[in-house]
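The values are calculated or read from the model by the stated rules, or taken from the named source; none is laboratory data. Only a predicted model underlies this, so the values are computations on that prediction, with no experimental measurement involved. Positions of Cβ are generated from backbone atoms using ideal geometry, with glycine treated the same way; all protein chains shown enter the neighbour counts. Side chains included, ligands, DNA and RNA excluded: accessible areas come from the protein's heavy atoms. Shrake-Rupley method; radii C 1.70, N 1.55, O 1.52, S 1.80 Å.
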Amino acid sequence: MSQNIVEKIWHQHRVHHQDGFPDVLGIDFALLHEVTSAQAFDMIEQRNLSIHDPTKFLATIDHSIPTRINRHEIHDKTAKAQIELLRKNCAKHGIPICDLDSNHQGIVHVVGPELGITQPGMTLVCGDSHTATHGAFGALAFGIGTSTLAHVFATGAVLMNQPRVMRVNFKGELPEGTYAKDMIMHLIAEIGIGGATGHVIEYTGAAVHALSMEQRMTLCNMSIECGAIAGLVAPDQTTFNYIKNRLYAPDGEQFSQALVHWQSLCSDDGCHYDQVIELNISKLKPMISWGTNPQQAIQSHQVIPDGSSAALDYVKLNANQKLIGTAIQWAFVGSCTNGRIEDLRIVAEILRNKKIATDVTMYVVPGSEQVMIQAQKEGLDEVVTAAGAEFRMPGCSMCLGMNDDKVPAGERCISTTNRNFIGRQGTGSITHLASPATVAYSALAGFICTQFMTEEAS
Amino acid sequence: MSIQKQGKITIQGGCVPMMIDDIDTDIIIPAQHLTQTSKSGYGQHAFARLKQGDADFVLNQKRYQNAKVLLAGDNFGCGSSREHAVWAIQELGFEAIIASSFADIFSNNARKNGLVLIALAPDNCQRIAKQATQENLHLAIDLKQATVTATNFKYDFNINPFFQHCITHGYDEIDYLLSHIENIKAHKTAIMNQSLFIQPGHAT
């Protein structure tokens, strides 16, 4: 019987099925960070349980740390204690940790793929809703809560009902000047923030397979923003090329064996999907969010729609106006959505030999130490600094307002991140989500704009 | 080894009508409070961004102070995976949430903490909200019968049979998983590990 890719992975990992009960689903690997793991360690310790296989876990530090140069000095006492506790827990349970200055510290969803841990057909979990990022490799990767992490610690499995599967087929070619970020924001705007609840999305279409791995990660990363449990792309030659020679990747004969398995991970002809969405992107313009959730977003030439007065009040904008031209005080490039080397290259190219607007503060935050090192090799840090922006140390930074990097109340930030919820980047902050290119063009101008500025202003 | 919790059959109490759609986890508990490493201490910050600056907001009103049931709009709990959102709501004294739909990760987290999520049709949610605004509405939730009852209505809801078993018997989900531990190990050896190609231990 023909199966879609999610069914294939599910059936291979399903340990036990009983009607009326959730399935017991085996988990291949779990990534952890400081914010959602401490209580999970407590839970297993209280029950005298041990970690089933510490080699199937990897920890990093990302959410709570400062991104200034002297980031070892953590002024927030509770954040400092949280990080210390992660180190202690990892040491105690034998879990490897990508600590500061290990060359591999970074945002959990940047680190996993760049180490070659994320591989096709795996089940991978993390106490973080953007775990779907790893779906770019054809892995079934999803966010879990702290209790579920304790389950994985103790048993290497989770309890879960088999998800429904939604196919999102992108038709047409992605136009110049638009990116995976615009594709996913377009989908979210179309189907809404609860549009894929209960589903895993498979992204299909030539435009998806034309994307680089890093762009695919951006695409899958925001699956949760339309409510999806996970999002994935069937692996292809681009996937295999990316994985080859990475630290945790198989080599030699093992790589050949892996390839045989990975190549089987595609949806069969005539397989069943619970829902199919088709989106034509051949005329897509850069997407920018205007409101207080990622669904409230428009293409750059469009006007803000009527209807959500609470959101408009919060963001201090009016319906029927364009976003283009709205003054900004902050520009942020980074996060698990857009903190990879290709994102930084795009930004640096736009900023090269130019200066950002004097009343804009711009942070460029590499997603990991590897990204930072590569950017420095290419001189991107110098380009960014010469333009008047700050090139900072790796971490989640200004994405979520839980470390030193916050947008002050009442100020407006154009950001490559994933959520524009009320207060997300700091209490009272206003966020506009966009691609790295749109953020860079806006930082130069001092107001929201894109490379299509002249035609949009008319 | 199993920590036996008390089973729960009914939830009885007042109901707070907070009819806002898409209540996200950053609204429930802002990220700046997530540096704590305990499971408590979140209630005081819960919904702070809605409570601040609006004295009339439902969660600021005295009449709802001892309510056990939170009534909300569509897509409750969307956003992050932070279980802190569930802990914060429970710390406010809520034992159940009624809404027309819930986000997936939030639902999973709620189940594991015994917070009961009840999905009702939007019309029924509106009707309960109206009544809870006009009078001191007392709800009785029967977890065995899967019903929500007041003096003038009774609604059935869908309850996952496994969750129903867990909550009514005080049974922890992890015990079910642990009862399958040998199956899990065997399945990993026989099938999963055959197609897992991670080469361990290089990075740190």
Fraction of the pair-distance distribution of the range A:350-448 above 17 Å, Cα-Cα pairs, percent: 51 percent
Distance from the Cα centre of the range A:1-42 to that of the range A:235-268, in angstrom? 21 Å
Shielding by partners - mean other protein chain Cβ count within 10 Å, residues of A:17-23: 3
For residue A:280, enumerate residues with amide H under 5 Å from its amide H, sequence gap 5+ or separate chain, H modeled in the peptide plane. A:171
Sorted largest first, extent of the range A:19-109 alpha carbons per principal axis (Å): 54, 26, 25
Out of every Cα-Cα pair in the range B:91-156, what percent are more than 20 Å apart? 30 percent
Using alpha-carbon pairs under 8 Å, 6+ residues apart, how would you state the relative contact order of chain A in percent? 17 percent
Taking the solvent-accessible surface of protein heavy atoms with a 1.4 Å probe, what is the per residue accessible area of the protein assembly as shown in Å²? 35 Å²
Chain B: Cα Rg divided by the 2.2 N^0.38 Å rule of thumb: 1.18
Rounded to the nearest angstrom and ordered from largest down, what semi-axes does the equivalent ellipsoid of the protein assembly as shown get from its C-alpha gyration tensor (root of 5λ)? 35, 31, 24
How large is the accessible surface of residue B:162 in square angstrom, using a 1.4 angstrom probe and rounding to the nearest 10? 0 Å²
Here P(r) for the range A:170-234, Cα-Cα distances in 5 Å bins, as whole percents, is 4, 20, 32, 26, 15, 4, 0
For the range A:315-396, alpha-carbon Rg and Dmax in angstrom: 14.0, 45
Could you tell me how many degrees, from 0 to 90 and to the nearest 10, lie between the Cα long axis of helix B:181-190 and the main elongation axis, the longest principal axis, of the Cα atoms of chain B? 50 degrees
Convex hull over the Cα atoms of the range B:128-204, averaged projected area in nm²? 10.6 nm²
Orientation-averaged projected area, Cα convex hull of the range A:287-457 (nm²): 8.7 nm²
From the gyration tensor of the Cα coordinates in the range A:290-339, what semi-axes in whole Å does the equivalent ellipsoid have, largest first, with each one equal to sqrt(5λ)? 21, 13, 12
Quick calc, residue A:282 & residue B:165: beta-carbon distance into FRET formula, R0 56 Å, rounding 0.05, result 0.65
Report the Cα-based extents of the range A:5-275 along its three principal axes, largest first, to the nearest Å. 51, 48, 44
On the accessible surface of the protein assembly as shown, probed at 1.4 Å, how many percent belong to carbon and sulfur atoms? 47 percent
Of all alpha-carbon pairs in the range B:45-148, indicate the percentage at a distance above 23 angstrom. 25 percent
Given the -39500 (n - 2.57) contribution per DSSP H run of 4+ residues, what per-residue ellipticity at 222 nm results for chain B, rounded to the nearest 500 deg cm²/dmol? -8000 deg cm²/dmol
Before rounding to the nearest 500, sum -39500 (n - 2.57) across all DSSP H runs of length at least 4 in chain A and divide by the residue total; then give [θ] at 222 nm in deg cm²/dmol. -9000 deg cm²/dmol
With a Förster radius of 45 Å, plug the Cβ-Cβ distance of residue A:253 and residue B:133 into 1/(1 + (r/R0)^6) and report the FRET value to the nearest 0.05. 0.05
Total accessible area buried between chains B and A, 1.4 Å probe, in Å² to the nearest 100? 5900 Å²
